[in-house]
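Written below as structure tokens is the structure these notes are about.
The values are calculated or read from the model by the stated rules, or taken from the named source; none is laboratory data. Because the structure is a prediction, the values reported are computed rather than measured. No Cβ is skipped: glycine too gets one built from the backbone with ideal geometry, and neighbour counts run over all protein chains shown.
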């Protein structure tokens, strides 16, 4: 019996070796273009709706942005370029925006048959749907309500109407109340509450997307809520011809697409896969065009020079989302009483700055990028590529200049042991006088089922112990079961929360308004930080100063360079007071046949997933080729 | 028999009703924030959340909600999905997946039943021979190695050596179904082999087999007319359940090969708090389980006339 089992094991090992020696996905020879793109998402990212107006999820927008065209889009350098709007202008300094729509765009059904022309009224129906409390359940309302005249009033009006009446509304009251009009079929006018220089960039986001009034009439409100690829109308480059939930979506070319110049793939397939490991296996057999590498796969590839993909690992060029720790200014103990020790400590600026300068987060960054951890070092609250000045300077560069941090990519830029020691000593003195006992306990929550996040948190705990000292601060890691909002945030049990954020539109206000202590919509301060309960005069004054700088910047609407410069000063002030703590940016290693540098890029909106004019190499890109592409990309950078 | 059937049917309906009611009430004990996405939780005011919950009837007392649910069931209305496929009727969400799981499950069941029983017979017939040893080693291997590992090995072998598609695709439904079906059959074949061998070996050691041998019956006649028939009775009881439960799919195999079946649906709908789907699935699963057991009992009486469903003493 033992002999049989050992023979069997030998057979299995031999088979594994045979398989291990199998042919790889790369071939030599002239690079060929990929005509049928095959992408994937993991099972957690399956689409839950085909109603673009309803969802803010990337899983939804990354498919539908290829099926429905918006007013504007982005080029590969983040410049705003025409899409269904051929041009746009404002004659009153940004309060009224007029978009001139092209006249050859059509809506088609899943069979590619023309159903209607795309007309300005479709944007009226789109915005009515968004602002109708009972139709869209409040999704995607933040931006239109804060910018478009009468939007908030209409939202409240529909809320009062009740479910049935609101679902049956047409455009009559909407047009009376909301600052939007369609003087003719190809002209669309938005009236903003105030001068809004960035308003056209909102056109890249789903909140200003159109829906055909005829389709709504055909499907009804509930029908459009549950719209499927079979019932959806398309105006973009592709049509969803095959959709099997939790399996795959196949997009093929829209035969009636107005744009005959842009290049498209013959087909784009999104497979839903169990994990990135399965995806790696499929990339090896040539079944995928791109794979995101897990830490273990990356290690296997990079540590073995004989690995077929050793020269092919490249870092994805994408909008890097900065993740920050947002303080909880009014933490409670588990019994519901205020955690005075923590609240007093975090209100002390020296205490916060001892964290800011005192922790070298490199080991923490290694959890996200083990090969080049410092490439995901976050310095700012805002993301790169958000906006640029007229001379091409990225906005975040201005913030870094204002911060005076020597960002060299070789050492953790913010770490300054001397400053940290000074601030720690100052904090201990000041806080002791206020009755704070040491060590101060900080509580950080992770989801109980998420082992990766738990491991990350343990690294963080070790860093805090190492750099701040157990005599000063201790980190306690706790877990929540399913809902951070209900279990942690609502009872205010955490000391800080880690959050990443992508802007909906192209303006620094998108980030900074969330830290404006005078604004109810400052979610980072009020929702995550319970700032409304703060009583510390010094902290309130500091937050007030920063808010003032934000207001000053926001008031500049006629000179974008001056506006961005002022916002950069406000953001630097915010960080110099450590009202939040930038920690890391996402960074993904991949094997790919797609030239990321040819994709649309912007630090806001959702156009990055638009799959037109994409360069590819069916053999996959080597790291050397990738570096060359990056160099060419930077050399050709043009900002409008 | 009819009386028994009616009695079992009523008992089954009552059981399903109790199970569904318990699950329904348990779901209503969850925090109400399950109804909202994280974005909605952040954005909506408490008043707006309450309005939304009230409109959905979730602020009524649980018994009122339960009675409303029963009324919906009488109209065959399972509600709509809220998180898996927003706004789509639950019946549609489930129906699209049942057919696929049923297809994969029944094909793998037929394959594993055929292979398992045949190899099990051969193992029993040639006990301690080479077939028996190889079969036992296979059974041990399949049961000892985690499914994820054996699936991975099969995936690598199938895709890189045989050139089969790694994932199921409806655009290549036959070739792409080979690996998932093979994986599904992998484990159950071992199960049928194990139990067929075990029951047949048990039967072979009984006195009536010795008598049959003394009376001069051929080995073939003994094996198929007597041993297999008696050994198959305990297996037969589980066949209807096995067949019916193919509808529920396989969580691991379907997820591993992206088969859009029922397997991952329950786990997904629980993790995403899609309560309408959870309730419907629990009802379906409970119903299938109960019907399967009942049909198994009936099948046993057909195969083995000694078993009666009604007579006291012999009744099971």
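Could you grab me the full set of residues in the stretch A:311-339 that are under 21 Å from residue A:524 (Cα atoms) and outside any loop (DSSP other than H, G, I, E, B)? Walk me through it before giving the result.
Narrowing the stretch A:311-339 to residues under 21 Å from residue A:524 (Cα atoms): A:319-333, A:338-339.
A:322, A:323, A:324, A:325, A:326, A:327, A:332, A:338, listed by residue number.
Please go through (1) in a loop (DSSP other than H, G, I, E, B); (2) crowded, with 22+ Cβ neighbours inside 10 Å for residue A:110 and return the number of the only condition it doesn't satisfy.
Here residue A:110 meets the rest and fails (2).
Please work out which one of (1) away from chain A (no Cβ under 14 Å); (2) buried (at least 19 other Cβ atoms within 10 Å of the Cβ); (3) under 26 Å from residue A:245 (Cα atoms) is the condition residue B:260 fails and give its number.
Residue B:260 satisfies every listed condition except (1).
Quick one: residue B:41 ticks every box in (1) in contact with a helix residue (DSSP H, G or I) (Cβ under 6 Å, 6 or more places away or on another chain); (2) at the interface with chain A (Cβ under 10 Å from one of its Cβ atoms); (3) in contact (Cβ under 8 Å) with a residue 12 or more places away in the chain bar one, so which box is it?
Every condition holds for residue B:41 apart from (3).
Cβ-Cβ distance below 7 Å, separation of 6 or more or different chains: which pairs start in the stretch A:482-499 with a residue that is farther than 17 Å from residue A:531 by Cα and within 14 Å of chain B (Cβ to nearest Cβ) and end on one that is at pLDDT 85 or above and surrounded by fewer than 20 Cβ atoms within 10 Å (Cβ to Cβ)?
Hits for this filter: A:487/A:480.
Condition check ((1) under 30 Å from residue A:223 (Cβ atoms); (2) within 38 Å of the chain's Cα centre (by Cα); (3) within 12 Å of chain B (Cβ to nearest Cβ); (4) at pLDDT 90 or above) across all residues:
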residue	(1), (2), (3), (4)
A:7	no, no, yes, no
A:46	yes, yes, yes, no
A:57	yes, yes, yes, no
A:63	yes, yes, no, yes
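For (1) in a strand (DSSP E or B); (2) in contact with a strand residue (DSSP E or B) (Cβ under 7 Å, 6 or more places away or on another chain); (3) within 14 Å of chain B (Cβ to nearest Cβ), each residue gets a yes or a no:
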position	(1), (2), (3)
A:190	yes, yes, no
A:194	no, no, no
A:210	no, no, no
A:229	no, yes, yes
A:242	yes, yes, yes
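Please go through the stretch A:273-308 and pick out each residue that is in a strand (DSSP E or B) and either without any contact (Cβ under 8 Å) to a residue 12 or more places away in the chain or in contact with a helix residue (DSSP H, G or I) (Cβ under 6 Å, 6 or more places away or on another chain) (or both). I'd like the intermediate steps shown before the answer.
Filtering the stretch A:273-308 for residues in a strand (DSSP E or B) gives A:273, A:290-292.
Selection gives A:273, A:291, A:292.
With the requirement that a residue be modelled with pLDDT of 90 or more and touching a strand residue (DSSP E or B) at 6+ places or on another chain (Cβ under 9 Å), what does the stretch B:96-130 give you?
Within the stretch B:96-130, B:100 is the sole residue that qualifies.
Assuming residue B:171 fulfils every condition listed in (1) over 19 Å from the mean Cα position of the chain (by Cα); (2) within 12 Å of chain A (Cβ to nearest Cβ); (3) surrounded by fewer than 19 Cβ atoms within 10 Å (Cβ to Cβ); (4) at pLDDT 90 or above apart from one, which condition is it?
(4)
With the requirement that a residue be under 17 Å from residue B:249 (Cβ atoms) and touching a residue at least 40 places away in the same chain (Cβ under 8 Å), what does the stretch B:265-282 give you? Walk me through it before giving the result.
Quick first cut of the stretch B:265-282, residues under 17 Å from residue B:249 (Cβ atoms) only: B:265-271, B:274, B:277-278, B:280-282.
Hits for the stretch B:265-282 are B:265, B:268, B:269, B:274, B:277, B:278, B:280, B:281, B:282.
Check residue A:452 against each of (1) more than 14 Å from chain B (Cβ to nearest Cβ); (2) crowded, with 18+ Cβ neighbours inside 10 Å; (3) out of contact with any strand residue (DSSP E or B) (no Cβ under 6 Å at 6 or more places or on another chain) and name the one condition it does not meet.
Single failed check for residue A:452: (2).
Could you list all residues from the stretch A:245-269 that are out of contact with any strand residue (DSSP E or B) (no Cβ under 9 Å at 6 or more places or on another chain) and facing chain B (nearest Cβ under 10 Å)? Quick ask: steps written out before the conclusion?
Filtering the stretch A:245-269 down to residues out of contact with any strand residue (DSSP E or B) (no Cβ under 9 Å at 6 or more places or on another chain) leaves A:260-261.
Within the stretch A:245-269, none qualify.
Checking the conditions here, which among A:369, A:408 is under 26 Å from the mean Cα position of the chain (by Cα), surrounded by fewer than 17 Cβ atoms within 10 Å (Cβ to Cβ) and not in a helix (DSSP H, G or I)?
Working: A:369 fails: surrounded by fewer than 17 Cβ atoms within 10 Å (Cβ to Cβ).
Testing whether each residue is under 26 Å from the mean Cα position of the chain (by Cα), surrounded by fewer than 17 Cβ atoms within 10 Å (Cβ to Cβ) and not in a helix (DSSP H, G or I) leaves just A:408.
Taking the stretch A:411-462, which residues are over 29 Å from the mean Cα position of the chain (by Cα) and outside any helix (DSSP H, G or I)? So that I can check it myself, show each step before the final result.
Here is the first cut: in the stretch A:411-462, the ones over 29 Å from the mean Cα position of the chain (by Cα) are A:416-441.
A:416, A:434, A:435, A:436, A:437, A:438, A:439, A:440, A:441, listed by residue number.
Taking the options A:229, A:200, name whichever one is within 27 Å of the chain's Cα centre (by Cα) and buried (at least 22 other Cβ atoms within 10 Å of the Cβ).
Working: A:229 fails: buried (at least 22 other Cβ atoms within 10 Å of the Cβ).
On inspection, the qualifying residue turns out to be A:200.
Looking only at the stretch B:81-92, filter to residues that are in contact with a strand residue (DSSP E or B) (Cβ under 9 Å, 6 or more places away or on another chain) and touching a residue at least 24 places away in the same chain (Cβ under 8 Å); which one of those is nearest to the other protein chains (Cβ to nearest Cβ)?
Here the residue is B:81.
In the stretch A:147-176, how many are under 20 Å from residue A:205 (Cα atoms), more than 12 Å from every other protein chain (Cβ to nearest Cβ) and not in a loop (DSSP other than H, G, I, E, B)?
4
Exactly one condition in (1) farther than 21 Å from residue B:151 by Cα; (2) away from chain A (no Cβ under 14 Å); (3) under 13 Å from the mean Cα position of the chain (by Cα) is false for residue B:248; which is it?
(1) is the only condition that residue B:248 fails.
Right, residue B:266: part of a helix (DSSP H, G or I), closer than 29 Å to residue B:150 by Cα and more than 9 Å from chain A (Cβ to nearest Cβ) or not?
On the way: part of a helix (DSSP H, G or I): yes; closer than 29 Å to residue B:150 by Cα: yes; more than 9 Å from chain A (Cβ to nearest Cβ): yes.
Answer is yes for this residue.
Hey, among the residues in the stretch B:130-157 that are more than 7 Å from chain A (Cβ to nearest Cβ) and farther than 23 Å from residue B:119 by Cα, which one's nearest to the chain's Cα centre (by Cα)?
Result: B:148.
Go through (1) within 12 Å of chain A (Cβ to nearest Cβ); (2) buried (at least 18 other Cβ atoms within 10 Å of the Cβ); (3) modelled with pLDDT of 85 or more for residue B:78 and report which single condition fails.
In the conditions (1) within 12 Å of chain A (Cβ to nearest Cβ); (2) buried (at least 18 other Cβ atoms within 10 Å of the Cβ); (3) modelled with pLDDT of 85 or more, residue B:78 misses (1) alone.
For the subset of the stretch A:595-609 comprising residues that are surrounded by 24 or more Cβ atoms within 10 Å (Cβ to Cβ) and touching a strand residue (DSSP E or B) at 6+ places or on another chain (Cβ under 9 Å), which member is farthest from residue A:632 (Cα to Cα)?
Restricting attention to the stretch A:595-609, the residues satisfying the condition of being surrounded by 24 or more Cβ atoms within 10 Å (Cβ to Cβ) are A:600, A:602-608.
Checking the rest, the ones that are also touching a strand residue (DSSP E or B) at 6+ places or on another chain (Cβ under 9 Å) come to A:600, A:602-605, A:607-608.
On the way: A:600: 16, A:602: 18, A:603: 20, A:604: 23, A:605: 25, A:607: 22, A:608: 19 Å.
Here the residue is A:605.
For a quick check of your reading: which helices (runs of 4 or more DSSP H) sit entirely within the stretch A:472-580 and have at least 3 residues that are surrounded by fewer than 17 Cβ atoms within 10 Å (Cβ to Cβ)?
Working: elements: A:509-512, A:537-555, A:560-576.
Per the criteria, A:537-555, A:560-576.
Among the listed residues A:87, A:45, A:55, A:76, which satisfies the condition of being touching a helix residue (DSSP H, G or I) at 6+ places or on another chain (Cβ under 8 Å) and surrounded by fewer than 19 Cβ atoms within 10 Å (Cβ to Cβ)? Spell out the reasoning first.
Details: A:87 fails: touching a helix residue (DSSP H, G or I) at 6+ places or on another chain (Cβ under 8 Å); A:55 fails: surrounded by fewer than 19 Cβ atoms within 10 Å (Cβ to Cβ); A:76 fails: surrounded by fewer than 19 Cβ atoms within 10 Å (Cβ to Cβ).
Testing whether each residue is touching a helix residue (DSSP H, G or I) at 6+ places or on another chain (Cβ under 8 Å) and surrounded by fewer than 19 Cβ atoms within 10 Å (Cβ to Cβ) leaves just A:45.
Tell me yes or no: at least one residue of the stretch B:113-124 is within 14 Å of another protein chain (Cβ to nearest Cβ), surrounded by 14 or more Cβ atoms within 10 Å (Cβ to Cβ), in a loop (DSSP other than H, G, I, E, B) and in contact with a helix residue (DSSP H, G or I) (Cβ under 7 Å, 6 or more places away or on another chain).
First pass over the stretch B:113-124, keeping only residues within 14 Å of another protein chain (Cβ to nearest Cβ): B:123.
Filter again for surrounded by 14 or more Cβ atoms within 10 Å (Cβ to Cβ), leaving B:123.
Okay, now just the ones that are also in a loop (DSSP other than H, G, I, E, B), so none.
There is no residue in the stretch B:113-124 that is within 14 Å of another protein chain (Cβ to nearest Cβ), surrounded by 14 or more Cβ atoms within 10 Å (Cβ to Cβ), in a loop (DSSP other than H, G, I, E, B) and in contact with a helix residue (DSSP H, G or I) (Cβ under 7 Å, 6 or more places away or on another chain).
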